[in-house]
Amino acid sequence: MVVCTSCTDEQTLIEETIEARTKAISAKDKKLYFSLIHPDFQETQGEEPLRSRIEHQFAFWDDIQMQTYDLHIELHKGDLARATQKIKMRAVKNNVPKHIDGNESFWLKRTGSPWRYRWLIYKGL
């Protein structure tokens, strides 16, 4: 982990990405969701590719509502950050709700120029 003078600014930018992801999931907005994924996203070995999983989930569920809380951000060397948070999700199919409470952890990577950059999800979903 690295200590930096602009950590508050970095954390704010990371939080914006995470909040946008939550919004994208609740709105089933594929365009917004995939705009938050780093071009070099590292797929989890043995899992279906992220794009396929998200497209399937958004198409399958009639409604998805997601809330996140208890967010912790660790800034690491090399423009990487690890985010861990708790989630509450309610997904509905044919008027039957499914509730999911759990934890998630994923990595973000800073991308762009030193003057204009943003944090995108890099691995771990």
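The values are calculated or read from the model by the stated rules, or taken from the named source; none is laboratory data. Note that this is a predicted model, so its numbers are computed, not measured. Here Cβ is always computed from backbone atoms with ideal geometry, including for glycine, and neighbour counts include all displayed protein chains.
Summary table
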| quantity | calculated |
| --- | --- |
| Selection from the range 16-39 of residues that are in contact with a strand residue (DSSP E or B) (Cβ under 7 Å, 6 or more places away or on another chain) and either farther than 15 Å from residue 125 by Cα or part of a strand (DSSP E or B) (or both) | 26, 28, 37, 38 |
| Pair list, Cβ < 7 Å and 6+ apart or interchain, from the range 66-82 residues that are in contact (Cβ under 8 Å) with a residue 24 or more places away in the chain and on the phi > 0 side of the Ramachandran plot to residues that are surrounded by 17 or more Cβ atoms within 10 Å (Cβ to Cβ) and in a strand (DSSP E or B) | 79/109; 79/110 |
| Criterion (surrounded by 12 or more Cβ atoms within 10 Å (Cβ to Cβ), of a type in the set (Asp, Glu) and at pLDDT 95 or above) met by exactly one of 70, 79, 63 | 63 |
| Residues being assigned to a strand (DSSP E or B) and more than 22 Å from residue 42 (Cα to Cα) - total across the range 103-125 | 0 |
| Qualifying residues in the range 68-102 (those that are among the acidic types (Asp, Glu) and in a strand (DSSP E or B)) - the one nearest to residue 14 (Cα to Cα) | 74 |
| Qualifying residue in the range 44-53 (condition: farther than 18 Å from residue 69 by Cβ and in contact with a Phe, Trp or Tyr (Cβ under 6 Å, 6 or more places away or on another chain)) | no |
| Residue under evaluation residue 115, criteria (1) farther than 15 Å from residue 14 by Cα; (2) surrounded by 14 or more Cβ atoms within 10 Å (Cβ to Cβ), criterion not met | (2) |
| Odd one out for residue 51 among (1) surrounded by 13 or more Cβ atoms within 10 Å (Cβ to Cβ); (2) out of contact with any helix residue (DSSP H, G or I) (no Cβ under 6 Å at 6 or more places or on another chain); (3) in contact (Cβ under 8 Å) with a residue 24 or more places away in the chain | (3) |
| Members of the range 30-48 found to be loosely packed, with under 14 Cβ neighbours inside 10 Å and of a type in the set (Lys, Arg), listed by number | 31 |
| Of all residues in the range 40-65 being assigned to a loop (DSSP other than H, G, I, E, B) and either more than 14 Å from the chain's Cα centre (by Cα) or aromatic (Phe, Trp, Tyr) (or both), the one that is nearest to residue 108 (Cα to Cα) | 44 |
